[in-house]
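Input: a single structure, listed below in structure tokens.
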Amino acid sequence: GDVYKRQEYGVQSEPFAIICGGSSAAVTAIAFSYPLDTAKRLIGMASQIKREDGSAGYRGVAHCLSSIFKEEGIRGWYRGSTVEVLRCMPQVVIMWFAVEECRNFLMRNAA
């Protein structure tokens, strides 16, 4: 079927399209930003973490990410990301529903 339906005031998005678009936007954003959030959290806790070689902390984001990758692989970068996806997806979908409703309201009443 059509993703969009025409009405007298413009193009209105189907709810399913908004849900899919918002969900995929949230997952994509998390996929790119979550490793940096992981590094930020670990660098912030660096004084409490003792590494295997006896040193404490990280020398920066790149060192933190490479250390995680060496010790845990790519899974280490995304540890805990499922909770972030479950938290973020509904938020983004609701935001896009609100944006679409505001756009539709303005299109109907702009004259």
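The values are calculated or read from the model by the stated rules, or taken from the named source; none is laboratory data. Bear in mind the structure is a predicted one, so any value in this text is a computation, not a measurement. Cβ sites come from the backbone with ideal geometry, for glycine too, and all protein chains shown count toward neighbours. Side chains are part of the model used for accessible areas, which takes the heavy atoms of the whole protein and leaves out ligands, DNA and RNA. Shrake-Rupley method; radii C 1.70, N 1.55, O 1.52, S 1.80 Å.
Points worth noting:
- For the range 61-76, putting each phi into the Karplus relation 6.51 cos²θ - 1.76 cosθ + 1.60 with θ = phi - 60° gives couplings of 5, 4, 5, 4, 5, 5, 5, 4, 4, 5, 7, 10, x, 5, 4, x Hz, in residue order, rounded to whole numbers and with x for Gly and Pro.
- Relative to the current alpha-carbon distance between Cys102 and Leu36, full extension at 0.36 nm per residue lengthens the span by 20.4 nm.
- Applying the criteria of a DSSP loop state and at most 16 other Cβ atoms within 10 Å to the trypsin sites (Lys or Arg not before Pro) of the range 55-111 yields Arg59, Arg79.
- In the complete set of protein chains, residue-level accessible area for Thr38 is approximately 10 Å², probe 1.4 angstrom.
- Label-point separation in nm, Ala17 to Ala29, each point 7 Å along Cα→Cβ: 2.1
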